[in-house]
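Asker: First the structure, which I've put down as structure tokens, then a few questions once you've had a look.
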Amino acid sequence: MDMKVTFSCILLSLLFSISSAADVNVTVKSETNIGRTDDNFICATLDWWPSTKCDYYQCPWGQAGILNLDLNNVILSNALKAFGSLRIRLGGSLQDQIVYQFGRHKECPRMSRQHDGLFGFSVGCLPRKRWDEVNDLFNKTGVKLTFGLNALIGRNRSVVDKTLWEGNWDHRNALSLMKYTIKKGYKIDSYELGNELCDKGISARVESVQYANDMKRLKHIVNKIYPEPSTRPTVLGPGGFFGKEWFDSFLQNTGPGVLHGVTHHLYNLGPGVDSNLIKKVQDPFYLSQVSQVFKDVATAVKTYTPWAGAWVGESGGAYNSGGKDVSHTFANGFWYLDQLGMASTFDHKVYCRQTLIGGNYALLNTTSFIPNPDYYGALLWHRLMGSKVLSVSHKGSLYLRTYAHCSKNTPGITVLLINMSNSTAFNVSLVNDMNMYSTQPASADVREEYHLTPKDGNIQSDIVLLNGTPLKLNESLEIPELKPNLVNPLSPIKVVPDSIVFVRIKSFKAPACA
């Protein structure tokens, strides 16, 4: 009898924990904004990796590298068009080994495995024909392109330190590419010099003062060959991992008016092979640790280059192509959308996700091109979250992450709610700290809610539901329409366990958004 009673108590306790709900007041400070993002805050990368790029006994890149990618794929085109103007950064580890088939570079060597080459590969080449094809796709789909230039060309390895590359950057090949690009009328939003060569570097590095001088040379070239300021690409750098001493020196020596964006990279989840990866993406304590990096970069930019903005130039969560069982699944959205929210609160202008396609962390499936769950999270952010960032707070569970922006192209605000708990639901009431939110909205006023949940409740599913309906391409292979639930704005927002919710409230009166 005692055993039955004990079992019944355990069962009731379990059922209660599974179905438990907490009421939470989320306060939005609506008078002023705490940061401002670029209108094209959402960014995705395309990389140079060939199909022979392998990590942990798997080769997840297939034909997704820019030299092999099927640029005529209908899903790829439609996925880009759905954003209207998606920012793409074309660059990555191998960019400092890529020469361009322009100017004196008539030959175009094919990249291959090379034991003593950077990252195990030889020098490769961007053919003229491929550059034409890439720009044709980007022109048709409205892409805003950041192109990463080879920053090692012209330099030599140090005899004393094999990771250090010395000498001036040879700009001639890049200049030939730019002249051809101008002649063809191709639009470049920005040029970035080098990839992960700053501070301690990854396989190679350049000293801060030398890098600053090369950055000034790039800016001079861009100013000279793009005489019209309205169509002139901006200059970005250094495109690597943050180290305070190196960054401070680099920014001070770069000087005023050179950099538009100070780009840094983040892989705060560790290696893709980490067996704890699935736990890390759901752990708010772990995810919050990276906030110090955002703050330090923002502080360095404000101190030394206040005319520029901080950018996350590349971030895939887990490095070495991501985690094969996590990075392409619904669960990764806990990390990704939390990163977007956190970066924006620290006044970052752009956040580039590694990758659009390729590896395990892609927004699009590397083989089928079908969107992974994070694609839809990125698309909803791009469509709903405006550039002005608002401060939000609550006294509830740390597993409820909250972010708010002025809405994009509409009055009011949009709130992002991320529930990382697998057992607790939250009934969220939004509170305007100025008490200006109308308690008697007009009959036409409604709240728009976009609830993202995993198929069958499995957070490691590749299929995401929007308000209970699976998001699938239509018969024409177009991105489906993302329709909100329309809800009475006076009712609490019900955030179920393991879910992500965007909420747009047009009647929320925020002076910062006026």
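The values are calculated or read from the model by the stated rules, or taken from the named source; none is laboratory data. Remember, it's a predicted structure, so these values are computed and weren't measured experimentally. Quick reminder, even Gly has a Cβ in these numbers, built from the backbone with ideal geometry, and neighbours come from all protein chains shown. Just so you know, the surface numbers come from the protein's heavy atoms only, side chains and all, with ligands and any DNA or RNA stripped out. Shrake-Rupley method; radii C 1.70, N 1.55, O 1.52, S 1.80 Å.
Asker: Once both axes come from the Cα atoms, what is the angle between helix 2-19 and the longest principal axis of the chain, in degrees from 0 to 90, rounded to 10?
Answerer: 60 degrees
Asker: Could you check the simple spin-label distance between ASN68 and LEU398, using points 7 Å along Cα→Cβ, in nm with one decimal?
Answerer: Taking the simple label geometry, ASN68 and LEU398 are separated by 4.2 nm.
Asker: Assuming R0 = 45 Å, what is the FRET efficiency of ARG113 and LYS183, from their Cβ-Cβ distance, to the nearest 0.05? Display every interim value, and only then the final one.
Answerer: Numbers: r = 35 Å, r/R0 = 0.78.
Calculated transfer efficiency: 0.80.
Asker: Taking a quarter of the surface of the convex hull around the Cα atoms of region 197-340, what do you get in nm²? Working shown, then result.
Answerer: Numbers: hull surface 38.6 nm².
For region 197-340, averaging the hull's shadow over all directions gives 9.7 nm².
Asker: Here's something else I'd like to know. How do the peptides 321-332, 67-78 rank, highest first, by the average count of neighbouring beta carbon atoms within 10 Å per residue?
Answerer: On the way: 321-332: 25.1, 67-78: 16.2.
Top to bottom by mean Cβ count within 10 Å: 321-332, 67-78.
Asker: With everything on Cα atoms, drop me the angle between helix 128-141 and the longest principal axis of the chain, reported from 0 to 90° to the nearest 10.
Answerer: Here the helix axis deviates by roughly 30 degrees.
Asker: TYR56 versus SER423, label points 7 Å from Cα toward the beta carbon: distance in nm?
Answerer: Rounded to a tenth, the inter-label distance reads 2.8 nm.
Asker: Run the accessible area of the chain with a 1.4 Å probe and give the carbon-and-sulfur part as a rounded percent.
Answerer: Details: 11390 of 21730 Å².
The computed percentage sits at 52.
Asker: Using only Cα atoms, locate the centre of region 124-146 and the centre of region 440-501, then give the distance between them in Å, rounded to an integer.
Answerer: Measuring centre to centre over Cα atoms gives 35 Å.
Asker: A further question follows. Protein chains only, probe 1.4 Å: how do MET215, MET434 rank by accessible area, largest first? Show your work: numbers first, answer last.
Answerer: Working: MET215 0, MET434 70 Å².
Sorted descending by solvent-accessible area, the residues read MET434, MET215.
Asker: Could I ask something else about it? Check the straight Cα-Cα distances from LYS200 and name the aspartates and glutamates below 12 Å, setting aside those fewer than 8 residues away within the same chain.
Answerer: Reachable aspartates and glutamates: ASP161, GLU245.
Asker: Considering Cα pairs under 8 angstrom that are at least six residues apart, work out the relative contact order of region 17-78 and quote it in whole percent. The partial results should precede the final answer.
Answerer: Numbers: 38 pairs, mean separation 12.3, N = 62.
Relative contact order, region 17-78: 20 percent.
Asker: Another one. As a test of the formula, what do you get for the chain when each DSSP H run with n ≥ 4 contributes -39,500 (n - 2.57) and the sum is divided by the residue count, at 222 nm and rounded to the nearest 500 deg cm²/dmol? Could the numbers behind the result be given before it?
Answerer: Details: 11 runs with 130 residues, N = 514.
The helix contribution divided over the chain gives -8000 deg cm²/dmol.
Asker: For region 271-387, what is the convex hull volume of the alpha-carbon atoms per residue, in Å³? Show your work: numbers first, answer last.
Answerer: Values: hull volume 12.0 nm³, N = 117.
Each residue corresponds to 103 Å³ of Cα convex hull volume.
Asker: Relative contact order of the chain, please, whole-number percent, based on alpha carbon pairs below 8 angstrom and at least 6 residues apart. Write down the numbers at each step before the final one.
Answerer: Details: 1153 pairs, mean separation 97.9, N = 514.
Relative contact order for the chain comes out at 19 percent.
Asker: Which is the longest run of the chain containing none of the GluC sites (Glu not before Pro) found in DSSP loop states (not H, G, I, E, B) with at most 15 other C-beta atoms within 10 Å?
Answerer: Values: sites that count: GLU31, GLU107, GLU475, GLU478, GLU481.
Looking at the chain, 108-474 is the longest stretch - no exposed GluC sites (Glu not before Pro) with at most 15 other Cβ atoms within 10 Å.
Asker: Another question, then. Checking the table LYS324/LYS349; LYS187/LYS224; LYS187/LYS349 against a 19 Å threshold on Cα-Cα, which pairs fail? Provide the component values of the computation, followed by the final result.
Answerer: Numbers: LYS324/LYS349 29 Å; LYS187/LYS224 16 Å; LYS187/LYS349 21 Å.
As for pairs spanning more than 19 Å Cα to Cα, those are LYS324/LYS349; LYS187/LYS349.
Asker: Provide the per residue accessible area, probe 1.4 Å, for region 67-164, rounded to a whole number of square angstrom. Mind showing how you got there, number by number?
Answerer: Working: 4280 Å² over 98 residues.
Per residue, region 67-164 has 44 Å² of solvent-accessible surface.
Asker: May I ask you to give the solvent-accessible area per residue for region 420-514, in square angstrom, as obtained with a 1.4 angstrom probe? Intermediate results must be reported in sequence, preceding the final value.
Answerer: On the way: 4820 Å² over 95 residues.
Dividing the accessible area of region 420-514 by its residue count gives 51 Å².
Asker: Per residue, how many Å² of accessible area does region 248-312 show with a 1.4 Å probe?
Answerer: Numbers: 2590 Å² over 65 residues.
Heavy-atom SASA per residue in region 248-312 reads 40 Å².
Asker: Continuing with the same structure: How high is the relative contact order of region 67-203, in percent, counting Cα pairs under 8 Å that sit 6 or more residues apart?
Answerer: Working: 207 pairs, mean separation 39.8, N = 137.
In percent, rounded to a whole number, it is 29.
Asker: A further question on this structure: Structure shown: which of LYS162/LYS244; LYS280/LYS483; LYS53/LYS483; LYS29/LYS455 lie over 27 Å apart, alpha-carbon to alpha-carbon?
Answerer: On the way: LYS162/LYS244 23 Å; LYS280/LYS483 31 Å; LYS53/LYS483 39 Å; LYS29/LYS455 35 Å.
Check vs 27 Å cut-off fails for LYS280/LYS483; LYS53/LYS483; LYS29/LYS455.
Asker: Another one. Return the distance in nm (one decimal) between the two label points of a simple spin-label model at TYR286 and ASP136, each offset 7 Å from Cα along Cα→Cβ.
Answerer: A separation of 4.5 nm, rounded to one decimal place.
Asker: Among the listed pairs LYS144/LYS179; LYS81/LYS144; LYS81/LYS509, which are separated by more than 23 Å between their Cα atoms? Don't skip to the answer; put the middle values down first.
Answerer: Working: LYS144/LYS179 19 Å; LYS81/LYS144 12 Å; LYS81/LYS509 32 Å.
Beyond 23 Å: LYS81/LYS509.
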